[in-house]
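Report on one structure; see the data block that follows.
A short reminder: the numbers here are calculations on the coordinates, not readings from a lab. All values reported here derive from a predicted model rather than from experimental measurement. Counting neighbours? That spans all protein chains shown, and the Cβs are built from the backbone with ideal geometry, glycine included.
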Amino acid sequence: MLVHTVLFNLTPGMSDEQVAAFEKDLNSLATIDVAKACYIGKVADTAKRPVVQTDWDYMLTVIVENVADHDIYQDHPTHHAFIANQKQFFAQVRVFDGE
């Protein structure tokens, strides 16, 4: 299995409508057929500890079978549409891929 996690920092000052559109497009990534599971969330309200990073707005975690499926996911039209529609709101994007 390959776990693909993305942390998004959004551009400050986005309207409620822009945030709603971002969330809708982010959720569309779960429909990509090679995604075995998809989790989307915001920073959890857990105890503050020095090792816990909370400097992001949204997290996406997608689980795929292998690197080949990861590559299919990356090149999927839905993934490309998400980037095209939302990239202007990406203040920072951090990606973590693990097997």
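Can you tell me the length gained on complete extension of the stretch Thr5 to Asn27, counting 0.36 nm per residue apart and subtracting the Cα distance? Could the numbers behind the result be given before it?
Details: separation 22, 0.36 × 22 = 7.92 nm, distance 1.40 nm.
Gain on stretching Thr5 to Asn27: 6.5 nm.
Could you work out how much longer the chain between Ile40 and Ala68 gets when fully extended? Use 0.36 nm per residue separation minus the Cα distance between them, nm to one decimal.
In short, 7.8 nm is gained.
So how do Met59, Met1 line up by other beta-carbon neighbours within 10 Å, fewest first?
Details: Met59 17, Met1 11.
Exposure proxy ranking, most exposed first: Met1, Met59.
For the stretch 41-86, build the convex hull from the C-alpha positions and give me its volume per residue in Å³.
Details: hull volume 5.0 nm³, N = 46.
Hull volume normalised by residue count: 109 Å³.
Hey, how much of the P(r) for the chain falls beyond 19 Å, as a percent of Cα pairs?
Working: 2097 of 4851 pairs.
It works out to 43 percent of all Cα pairs.
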Review point. Could you give the nm distance between label points at Val93 and Asp55, where each point is 7 Å from its Cα heading toward the beta carbon?
Key: 2.0 nm
Exercise for review: For the stretch 17-92, run through the GluC sites (Glu not before Pro) and keep only the ones in DSSP coil with at most 14 other Cβ atoms within 10 Å of their Cβ.
Suggested key: Glu65
